[in-house]
Amino acid sequence: MTTSIAIDIEATIDESLPAFVPHHEGDMAPPPYWRVECIGMALIANYITEQLVVVPGEDERARLLAFASRANKARPGPQLVTFRGRGFDAPVLDARCMKYGIPLTYMHSPRMDHRYSMGGHFDLADHLNVFGAARAAKLDVWAKLIGLPGKLGTSGSDVKALIAEG
């Protein structure tokens, strides 16, 4: 039985929306501006990865439908695990599902709404920087700290070019 679902998304700017105008240099576009290009999931039971999944779909709508279908069946709901997912992945998935009228009930159970509770949504970045009390570090740094390879030559800023390359 799956006890946790770890997710990570890759996204690009939806150029069909009005242009995002940053207020400060380096401002990132808000959730509705991001088009979901890829959703990766790890299904975990008792701290052991059962399955790694790249959510299938020819286009964003199909990917979101497949993700929502799988996630919404997970009742009463395993723990959602992300890294900075409270600030990006979860709100982007919410916004983009809203665009297509896709219910994402899994993300809106009462146990998911408590930021400082790790019962529904465990955001590893929140935990590691003590909910903002410590300076944040990237996942790449945390991975290397414990002997894992971290990023292997690409980053989120490469997504658009990688998609264009096929």
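List of remarks:
- Restricting attention to the range 3-37, the residues being crowded, with 16+ Cβ neighbours inside 10 Å and β-branched (V, I, T) number 5.
- Of all residues in the range 68-84, one or more are under 26 Å from G132 (Cβ atoms) and among the basic types (K, R).
- Scanning the range 50-62 for residues that are β-branched (V, I, T) and open to solvent by less than 80 Å² (accessible area, probe 1.4 Å) yields a count of 2.
- Residue match in the range 144-152 (condition: open to solvent by 60 Å² or more (accessible area, probe 1.4 Å), modelled with pLDDT under 85 and over 13 Å from the mean Cα position of the chain (by Cα)): yes
- Conditions (1) out of contact with any His (no Cβ under 9 Å at 6 or more places or on another chain); (2) at pLDDT below 90; (3) closer than 15 Å to V36 by Cβ; (4) surrounded by 16 or more Cβ atoms within 10 Å (Cβ to Cβ): number failed by M107: (1)
The values are calculated or read from the model by the stated rules, or taken from the named source; none is laboratory data. Here the structure is a predicted model, which means the values were calculated and not measured. Backbone-built Cβ (ideal geometry, glycine too); neighbour counts: all protein chains shown. Side chains included, ligands, DNA and RNA excluded: accessible areas come from the protein's heavy atoms. Shrake-Rupley method; radii C 1.70, N 1.55, O 1.52, S 1.80 Å.
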